[in-house]
Structures are given as C-alpha cells and as structure tokens.
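In what follows, a single structure is set out as structure tokens and then discussed.
Here, each number is a calculation from the coordinates, and none is a lab measurement. Since this is a predicted model, take the numbers as computed values, not measurements. Positions of Cβ are backbone-derived with ideal geometry, glycine not excepted, and every protein chain shown enters the neighbour counts.
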Amino acid sequence: MSAVPWVLHVDMDQFIAAVEVLRQPELAGKPVIIGGNGDPTERAVVSTASYEAREFGIGSGMPLKIAARKAPPDAVFLPVDHAAYEAASADVMQTLRALPGVVLEIIGWDECFLGVTTDDPEDVASAARAAVLEATGLHCSVGIGDNKIRAKIATEFGKPRGMFRLTADNWFDVMGERETRELWGVGSRVQKRLAEHGIRTVRELADADRAGLLSEFGPKMGAWYHGLGSGLGPSVVDDTPWVARSHSRETTFQQNLTSASQIEAAIRELAEQAFDDCLAEGRPVIRVHLKVRYAPFVTKTIGRKLTEPTQDRETFVAAAVAIGRTLDEGREVRLLGVRAEMEMPASGDSAERTPVRGRI
C-alpha cells in the first residue's frame, strides 16, 4: 500500500483536570472540578471537570453553585491556574512538533491537527500518544480522518486514551443516524433551526435541499452545513502560526449590577483591558462586541462595526459604552464581556482556517 495523506486530531483527555492531578497525585480517581477561584459559593462557571465528576452530570460552563449541588461529598473544587495549563500545553505541542514527518496546526491549548503522509496512520497516532505521555505524563486521544472534520469528530469515539478512524468509507455507518448536534460546529441554536426544517440527523442534513439551507443560513454557512452532513471539510493542515482575530475580557459579578452607572463603569474597564490586549499586537480594532447576562440567566450579545479602524483606546471604549446604553433598562446584570475584533494582517487568515463554535 502506498503512503497517502492523513489528518490526525490530537485532543488531551480532561486536560485541565489532568494537569491538576499531575501536580497533586492524591486527587487521582476523585471528582475534581476546576473553575473561578475554586469557591463553589461564588459566582463562576466550571472550566473543566474530571471524568469522575462528569459521572454526576457536572460539565464545562455549568455554574459552580449547581456543580456543588450535584457533586458528591468527596469532590474537590480548585481555582483556575492559567499559567500552569499554558506551560503544559507548550510542552505537549513541542513534543508533537518534534515527531518525524508531521505538520502541526494548533487549534487550542489542548488540541491540534497533525498532517502526515503514511500507509499506517494508527501507527503515527500511537507514536503521538506515547510521546506525549512520556514527555508530560498526560494522556491524549487521537482521531484519524481524511479531512479535519472527520478527524475532529473521530476523536470523540476514541476517548479516553484511544484512537478512532473516520473517513468517507464509514462516515454514514458511524454518523448517519446521529443528531446534527454531534457535528463539529453545530450548536444547539443551529440544531434547532435545522429541526424546524425537518432535519434532525446527519444523513438528513446530507440529503437536505441545498437551496433551502442557503436561504436559511446564507450562501457561506448554508453551503458549509450542507457539506458537513457528508463530513466534507478542509484537509490541508496548516502550520502557519495562529493569528488571533480578537481579544475579549469578561467577568461574572458576585453581586448583580443594578444601576446604569455601575454597568457603564464595568463596561469601560473591560473595554480598556480588551483594547490594550489588541494594542499590544499592533493591529487596529474594527468591531466591538458586548455580552451581557441578565439575572437570573439570560444572555445576549450585541456587535457593532466601528466607523473606521482605530488604535485609539477612548474611541473603542466609547463605542462599547454606547452599546451598553442600549441594554434593557432596570434589569439586573450578573455578567458582562467586551470583545475587540481586530483587522487581520494581509497574510494572516489562519484564525478562520476551520469554522468553530463562536464565543466572546
């Protein structure tokens, strides 16, 4: 058999929790929940939960207070330690980059794509898993595919500590009858919109009327979702350094903000921080997004394009504050976030290489 190109998706198993267990071996086998300052009585959300904690229905994005109600008595709550996770991520990526004959594309601090030409992708996947474990003490799973979409989805079938191959040959056997929500890039809102058109399974999406999808989602995303039903997607692994499209700052308040002055002050502070992150990159800001979560738990995001690209902090802050003045008057606010979207460099399109679920 001649060597052919493959895409491997490497995803660290319960990455943040695993890093904490590596630092504190006595936590092994216990329900570990990481989020905020580690205090489940405060307002914050779960960043990640160990597999043992997930058995109790605890998952990423869940408020810590709810996680505490679900957690067993021996559960351990820990604060987020970004520096430790970034250091561990760097070690993982350095290890994978050193594998012979691979191209590495980082898509997150705990996941990446590997491009390799081989007649035995499982052998490369095994080598990657072994190398990461030896170098860092951390486990990972590997999805093997003929493109990025299939490789990414395949990883879920390999977890934990395993591998799985998903290609055009077995796509519909594996995915055909599964819900569209199980496709990479399909969130709950898109799933609901598809269901309104009678599209509930992956095969139904593949067989759907293309023109109808273009009408519903627009020419770009409609075509993308239609192809997604058949597992179509990019197959080129790009090792160009990732270029951030935006920087954001957000905070959950321990006490709801109840006055317009409190809300404006908070928006101003977040906007200044997000803008300064962009300024450090030397690229002008072109758009501002404001995220608000009203009490008890209703979230809304508003975005506006700036009149012209700017590197003036007060211009950006004023735009964020102006959006803030359109928020529902009299509603208490429990979370605010500001995202500054930057102008992309002429050759820096890597932030859009593969569609992913949006976040502020």
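What to note about this one:
- Here the translational diffusion coefficient of the range 16-82 follows from Stokes-Einstein with Rh set to the Kirkwood radius across Cα pairs; for 25 °C and 0.890 mPa s it amounts to 218 µm²/s.
- Hydrodynamic radius by Kirkwood, which averages 1/r over all alpha carbon pairs of the range 171-228, in angstrom: 11.0
- Look at Phe15, Phe56 and count the other Cβ atoms within 10 Å of each Cβ; fewest to most, that gives Phe56, Phe15.
- Relative contact order, whole percent, for the range 171-228 stands at 30, derived from Cα pairs under 8 Å and 6 or more residues apart.
- Packing-based ranking of 69-81, 328-340, 287-299 yields 328-340, 287-299, 69-81, ordered from highest to lowest mean Cβ neighbour count within 10 Å.
- Selection of GluC sites (Glu not before Pro), the range 46-93, meeting DSSP coil and at most 16 other Cβ within 10 Å: Glu55
- Calculated mean residue ellipticity at 222 nm for the chain: -11000 deg cm²/dmol, from DSSP H runs with n ≥ 4 weighted as -39500 (n - 2.57), summed, divided by the residue count and rounded to 500.
- Assigned charges on the beta-carbon of Lys, Arg, Asp, Glu; the chain dipole about Cα centre (debye): 1200
- Hull-based mean projected area of the range 46-202, where the convex hull spans the alpha carbons, in square nanometres: 11.3
- Going by neighbour counts of Cβ atoms within 10 Å, the residues Tyr51, Tyr85 line up, fewest first, as Tyr51, Tyr85.
- Ranked packing of 184-196, 313-325, most packed first, by mean Cβ within 10 Å: 313-325, 184-196
- Links that overshoot a 25 Å alpha carbon limit, given the list Lys30/Lys159; Lys65/Lys300; Lys192/Lys220; Lys152/Lys305; Lys159/Lys192: Lys152/Lys305; Lys159/Lys192
- Model label sites at Ala84 and Ala211, defined 7 Å from Cα along the beta-carbon direction, differ in position by 5.8 nm.
- Backbone HN-Hα couplings from phi across the range 158-170 [Karplus 6.51/-1.76/1.60, Hz, Gly and Pro as x]: x, 6, x, 6, x, 8, 8, 10, 9, 9, 4, 5, 10
- Relative packing of peptides 142-155, 170-183, 267-280 - highest average C-beta neighbours within 10 Å first: 142-155, 267-280, 170-183
- Kirkwood hydrodynamic radius (C-alpha pairs) into Stokes-Einstein, the range 203-360, 20 °C and 1.002 mPa s, D in µm²/s: 121
- Dividing the Cα radius of gyration of the range 42-134 by its Kirkwood radius returns 1.11 for Rg/Rh.
- Whole-number D in µm² s⁻¹ for the chain, Kirkwood Cα-pair radius fed into Stokes-Einstein, 10 °C, 1.306 mPa s: 71
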